[in-house]
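Structure below; questions to follow.
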Amino acid sequence: MSTAAGHEHHWEWSWAPTAVVIGTFLLVPLGFSAYFVYEDTMLTILFTGLGTPILLAGIARWVHEGLTQKPLVAGLAATALPIFIVSEIFIFLGLFTAYWTMRLSQGGNWPPEGTPELNLLIPVIMTFFLVGSSITYHVAEMKDEAGDMAGFRKWLIITLILGTIFLGLTVYEYQHLLHIGFGPSANAFSTAFYTITGFHASHVLVGLGSFLAVLIPAFKGRSNHTLTASVGVYWHFVDVVWFFVASQIYFW
Amino acid sequence: MSAAQSSWKEWVFTTDHKRIGVMYLVGSLAAFAVAGTMALLIRIEQSQLGPNLVGDAFTGGDTYNTWLYFHGAAMILAFLIPGLTGYFANYFIPLMIGANDVAFPRINAFSVWLFFVAIVLALAGFVIPDTPDIMWTGYPPYSVMTSANTSFYVFTVHLLGFSSILGAVNFLVTVVYMRAPGMGWNQLNVFVWTTVAAFVIQLIFIPVLAAAVTMLLFDKYLGTHFFDPAAGGDVLLYQNLFWFYSHPAVYVIFLPAMGVLFEVIAGMAKNRIFNYKACVYGGVWGITLLAGEVWVHHLYVAGMPDWIRVGQMVSTLLISVPVGLMVMSMWGTLYRGAITYNTAMLYAGSCLFLVLIGGLTGIPLAMTSMTVHLSETAFVHAHFHYVMAIFATFAIFSGVYYWFPKISGRMPNEKMGKLGFLINFVGVNVTFWPLFIIGIQGMPRRYWDYQMFPQFEGYHQIAFYGAVIVAVGMAITILNWLFSAIGGEKAPENPWNSASLEWTHCPSPPGPGNFPKDVELTADWTPYNYDKR
Amino acid sequence: MKGRLSALTGIAIALMATGAVASEGGLPNPAADWDVLWNKVLWDLVVIGAIFGIAALIMLFKYRATSPDQVGRGPKLSRAQALAWALIPATIFMADDFFMAAKGWTLWNTYRTVPENAMEVKVTGSMWNWEFEYENGIISTYDVDSKEGSGLVVPVGTPVVLRMESIDVIHSFGMATYRVKEDVMPGRITYIWFNPVEAKESWVTCVEFCGTRHSYMYAPVKAVPPAQYEAWVKKMESEA
Ligand code: HEA
Ligand code: HEA
Ligand code: CUA
Ligand SMILES: [Cu+2]
């Protein structure tokens, strides 16, 4: 199992992982605690203000290195991602288990009192956009494989727009529900509703971020098939999960 | 870039699996030292009736609870798991399978940094005014109602969990795709198998814990109602999700610990593994398969429906079958061996007895009706300290001594090593035997004062002396590592004459890229073929 | 305490010899049964532990290397031998597991089957206090700081079933003397029963972590002769 790297005589290093971790650390645990636990605006601004640029710099550096350096064994990322997705499936299962437990223990009394009529048209439209974006991403991937950079960028942008609309609809729906006073703390249904749809939406956000990480180098004419394929697998997964979210939360 | 100019970056920002491994070792030992210090405070507090260190009887409990919280959480999540699946896996799996590095070196660096910031966050818990006090189990509704900061607990779990999941992905891909040409599945070191199984467990079960603590966070800070029965939530939901991970987690500790012991014992007895296939396919994978169906044994007294308690009693008891197969193989590996005793082997040898005491005392706990009395008493403490604080910890020590020449290029000081072992071994037994006795008599867990049971004071005192002895032994051991790493005698390439790849094919310590020449293996090679050399 | 443990076991074994484990009223006594089973399990484990422990000890001594370049000569197993060395121990271990599971299950049924004549007491746990409400409306408590209150008072010879609930966090009702405990939770009612066969004062301790004063959430459990119990009830009623 020899590669060029095998017999090199220097130690490999990269500051990208460290930056991503420290950025994330400032942004999420410290940012969350400053805002929700200590309700301190100055601290929140400090942590998020420091964390965001560090995180972005780390990601940019990491993507750059990923596109310019040879891995020890090429193509393994496309195998690793499905393994990671096993983990993701179980986290969704954990959340759904909570939802099923709460729901089934309530007997016929579901949704509990105080739950407004949900507009079922919204999830239908959202499904439409998300499935569409999976298809357009697939087209983009084919363009990438064929070496058609312009086509790759075009379809990538279309995918990005479709995904953004999906997320926009979530925001729209949340705003409406919050406006009529149906927040996360309203009742058992709102608890599950916001947690599960919100968790899915966070995956959409990560997906959109990874589209950007593919798109920005693509403008410089650079792409990496393994990276493109991995982002695709992740996005299709996010798409498939949505069917469960929609069927369990909206239509059951 | 000259070597001198970038040397610190080559450590701090390293993506090399060996250096990352060493970073894991340092981090996990640091966690051990701090959590061990908490244990000493706990033992001092309990050594006599009434308030001792903590101030008064009304609020003193809070102080004690923060120590115990940190002790439990850090020992399991920041010492044992990162020590075994961070240090040992990182350093030795690529060497044992003949790979130049792991599949994703940067993700590996990402994992170790997540681990570091998690420790920083956990320690930060002591400088904030509202130190977490919810125990490592974090059961709601208490963890939601307490005025202490639950969010640091949740995020520590998130960071460590994410770190482990990425580690799992990394190593599973590495072992499947990066083995040296010619290395078949039955030629893997037992340690590689146990670690692969541990990572499979991590991959599947950690996410469920992550989901559980996230719900805790939302319940406390966003006002959701997952665990609030008054609003349609379920109080026991958290416990089920928590133990759905945290029982399998004990095998994330147990399996690699056994793996390390197999390496040490086979290496020091210069013998083949007895019944390798039964050990791997029956033992390791049997445990992995059963691990997910026994979590209710932590909820025997929690008001679960009877049919679940009975069903999981049977599956819990059945764990002794695959564990028994591993035990058979370990014992058989001694049979007609040629054992050389050094510090590593002393620790390994003592583990043979510790696994019996720790494992067998799990059996009455597994029986629903026995647990009705034993649950939540010091008996449980004694059981799990025997498996974790002694068995698994000694397995780690054994491995550290065994591979010490490999990672440092120097020999550990055997005199100090053996002295440390002796003191540790006496100390832990003096500390934890009394807990079995008072446990059977009903000494409750997580009690810093025990007014109603003054008759236990003497036992607590003995345990306190034991803990002091352990502290001395631990200090000797850790200092021995420090001094030996700096000034120890230079080690030969393969001081124990081991047949395993990490000793035979690369220098000590290995340089960048690990192997001076590409590794290629024949069909009859195994890491244990002593009688064929 | 240790003496009492073995004394209890002795009594139980004697009762076993007469054909049934029963107290005076012909009722099962889970606490005594627990001790009997504990002895059995302990023997089982000691035997297993001794076999493996002694085997390890012998081999660790016997197979020391005599020269530095000596190597192990452990025999390699044929396919049939390997299979036998896996299946036979596995079968033996499994048999022992099923034996213990069956024993454990039987006792479990005793623990969960409340006798019909049981007296019912409602238990409410709160941070950090136990409250006992009797069928006739008496409410009894105990204050750990002033040591006032009588806690749980029960007449000897009558099985007692506790229906338990918490008003805040999870607690657990543990009586070491009666070898029984169960969690006390908000939003659901759990139960345990015990059989006070002799006059004795013991403790109930809270054994689920519940915060600052978890260690002080205890109360006396007094099993008293029926006459004394009646007197206590009278007194409580008149005070109320
Ligand atoms: C590394 C850690 C580790 C390991 C390996 C184990 C191993 C086992 N544990 Fe333990 N356990 C813990 C760590 C561990 N445990 C912890 C941390 C807790 C407390 C958590 C908390 O509440 O904070 C706990 C608590 C705990 C409980 C809950 C107690 C309670 O709270 O009421 C139970 C109940 O079933 C249990 C059972 C077992 C069993 C059956 C095994 C088995 O795997 C043991 C199997 C081994 C053997 C049996 C010995 C070797 C086998 C043979 C020699 C073959 C022949 C044997 C037979 C036929 C019996 N453990
Ligand atoms: C890996 C796991 C692990 C380890 C190793 C230990 C180690 C020890 N534990 Fe731990 N313990 C747990 C896991 C562990 N424990 C868990 C999970 C709980 C349950 C928590 C809960 O209920 O929620 C628990 C609970 C627990 C209790 C119960 C308290 C209570 O319920 O009220 C007690 C009491 O005696 C105790 C004692 C000890 C002692 C004396 C040691 C000793 O062996 C410690 C020895 C170590 C040291 C003394 C440190 C040595 C280091 C140095 C001296 C540093 C020198 C440094 C340099 C030179 C750089 N532990
Ligand atoms: Cu109530 Cu502990
Ligand atoms: Cu368990």
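Each value in this text was obtained by applying a stated rule to the coordinates, not by laboratory testing. None of these values were measured; they are calculated from a predicted model. Backbone-built Cβ (ideal geometry, glycine too); neighbour counts: all protein chains shown.
When the expected Rg is taken as 2.2 N^0.38 Å, what fraction or multiple of it is the alpha-carbon Rg of region A:1-108?
Here the Cα radius of gyration is 1.58 times the empirical estimate.
Whole-Hz ³J(HN,Hα) for each residue in region A:54-60, computed from phi via Karplus 6.51 cos²θ - 1.76 cosθ + 1.60 with θ = phi - 60°, x for glycine and proline: what do you get?
Once θ is set to phi - 60°, the couplings for region A:54-60 become 5, 4, 5, 4, x, 5, 4 Hz.
Over chain B, what is the mean sequence separation of C-alpha contacts under 8 Å (at least six apart), divided by residue count, expressed as relative contact order in percent?
Relative contact order here is 17 percent.
Suppose every Lys and Arg Cβ carries +1 and every Asp and Glu Cβ carries -1, with no other charges. What dipole size does the protein assembly as shown come out with about its Cα centre, to the nearest 20 debye?
3260
Further question: Sorted from fewest to most neighbouring beta carbons within 10 Å, what does the list B:S7, B:S375, C:S126 look like?
Exposure proxy ranking, most exposed first: B:S7, C:S126, B:S375.
Which of C:Y142, B:L290, A:F128 sits closest to the plus end of the dipole of the protein assembly as shown, meaning its Cα is farthest towards the positive end, when Lys and Arg get +1 and Asp and Glu get -1 on the C-beta?
B:L290
How tilted is helix B:17-46 with respect to the longest principal axis of chain B? Cα atoms for both, answer in degrees (0 to 90, nearest 10).
30
Once the principal axes of the Cα atoms of region A:13-69 are found, what is the range along each, listed largest first in whole angstroms?
Computed over the Cα atoms, the extents are 44, 13, 13 Å.
Then there is this: What FRET efficiency comes out for A:V206 versus A:I180 if R0 is 25 angstrom and r is the Cβ-Cβ distance? Round to the nearest 0.05.
0.25
Same structure, new question: Quick one: check the C-alpha center-to-center distance for region C:57-79 versus region A:52-102, whole angstrom.
Each part reduced to its Cα centre gives a spacing of 47 Å.
Follow-up. For the charge dipole of the protein assembly as shown, defined by +1 on Lys and Arg C-beta atoms and -1 on Asp and Glu C-beta atoms about the Cα centroid, which residue among C:L87, B:M96, A:P184 has the Cα displaced farthest towards the positive pole?
Value: B:M96.
Then there's this: Which whole-Hz ³J(HN,Hα) couplings does region B:337-342 yield from phi under the Karplus relation 6.51 cos²θ - 1.76 cosθ + 1.60, θ = phi - 60°, glycine and proline marked x?
x, 10, 7, 9, 9, 10
What do you get for the angle between helix B:320-334 and the principal long axis of chain B? Use alpha-carbon atoms, 0 to 90 degrees, nearest ten.
40
Quick check: convex hull of the Cα atoms in the protein assembly as shown, volume per residue, rounded to a whole Å³?
180
Region A:125-176 to region B:7-61: how many Å between their Cα centroids?
Their Cα centres are 48 Å away from one another.
What is the fewest-to-most order of B:R336, C:R64, B:R179, C:R79 by other Cβ atoms lying within 10 Å of their Cβ?
C:R79, C:R64, B:R336, B:R179
What are the residues whose amide H is under 5 Å from the amide H of B:L299, where those residues sit 5 or more places off or on another chain and H is modelled from the backbone?
Answer set, sorted by chain and number: none.
Right, something else. Which of the GluC sites (Glu not before Pro) across region C:143-240 are loop residues per DSSP, with 12 or fewer other Cβ within 10 Å?
C:E198
Give the separation of the Cα centroids, region B:476-517 to region B:168-198, in Å.
Cα centres, region B:476-517 to region B:168-198: 22 Å.
Considering amide H positions built from the backbone, and no H for Pro or chain starts, which residues 5 or more places from C:V204, or on another chain, come under 5 Å of its amide H?
C:A219, C:V221
Hey, what D do you get for region B:1-84 in µm²/s if you plug the Kirkwood alpha-carbon radius into Stokes-Einstein at 10 °C and 1.306 mPa s?
105
Using alpha carbons only, how many degrees (0 to 90, rounded to 10) separate the axis of helix A:149-179 from the longest principal axis of chain A?
With rounding to tens, the tilt is 20 degrees.
Would you order B:L365, C:L37 from fewest to most other beta-carbon atoms within 10 Å of each residue's own beta-carbon?
By the 10 Å Cβ count, ascending, the order reads B:L365, C:L37.
Determine ³J(HN,Hα), in whole Hz, for all residues of region A:138-146 in sequence, where each value follows from phi through the Karplus function 6.51 cos²θ - 1.76 cosθ + 1.60 and θ = phi - 60°; x replaces Gly and Pro.
Coupling constants for region A:138-146: 4, 4, 4, 4, 5, 5, 4, 4, 7 Hz.
How big is the convex hull of the Cα atoms of chain B, per residue, in Å³?
150
Can you name the helices of chain C, as whole DSSP H runs, whose Cα span along the helix axis is 24 Å or more and whose Kyte-Doolittle mean is not below -1.0?
Long hydrophobic helices here: C:30-62, C:79-112.
Also, quick follow-up: To make sure I understand the rule: partners must be aspartates and glutamates, Cα under 16 Å from the Cα of B:K220, and not fewer than 8 residues away in the same chain. Which ones qualify?
Leaving aside aspartates and glutamates fewer than 8 places away in the same chain, those within reach of B:K220 are A:E39, B:D130, B:D133, B:D228, B:D234, C:D168.
Volume per residue, Å³, of the convex hull around the alpha-carbon atoms of chain C?
222
Could you pull out every one of the lysines with an alpha carbon less than 20 Å from that of A:K220, ignoring same-chain neighbours closer than 8 positions?
Partners found: A:K70, A:K143, A:K154.
Just how many % of Cα pairs in region C:119-239 lie over 26 Å apart, if you round to the nearest whole percent?
Every Cα pair in region C:119-239 considered, those over 26 Å come to 13 percent.
I'd like the antiparallel share, as a percent to the nearest 5, of DSSP beta bridges with both residues in the protein assembly as shown.
Given both bridge residues lie in the protein assembly as shown, the antiparallel proportion sits at roughly 75 percent.
Continuing with the same structure: Can you give the relative contact order of region B:100-157 as a percent, counting alpha carbon pairs under 8 Å and 6+ residues apart?
That works out to 36 percent.
Please give every one of the aspartates and glutamates within straight-line cross-link reach of B:K490, meaning a C-alpha to C-alpha distance under 14 Å, and leave out same-chain neighbours fewer than 8 residues apart.
Here the aspartates and glutamates satisfying the reach criterion relative to B:K490 are B:E414.
Shifting gears a bit: Taking all pairs of distinct Cα atoms, average 1/r, flip it, and tell me the Kirkwood hydrodynamic radius of region A:79-250 in Å to one decimal place.
Every distinct Cα pair counted, the radius reaches 17.3 Å.
Here's something else I'd like to know. Cross-link list B:K270/B:K517; B:K270/C:K62; C:K147/C:K222; C:K122/C:K181; B:K277/C:K76: which exceed 20 angstrom alpha carbon to alpha carbon?
B:K270/B:K517
Could you tell me which residue out of B:L222, B:S320, B:T174 lies farthest along the dipole of region B:11-518 toward its positive end? Charges go on the beta carbon: Lys and Arg +1, Asp and Glu -1, centred on the Cα centre.
B:T174
Amide H neighbours of C:D183 under 5 Å, at least 5 residues apart or on other chains, H built in the peptide plane: list them.
B:A302, B:G303, C:F173
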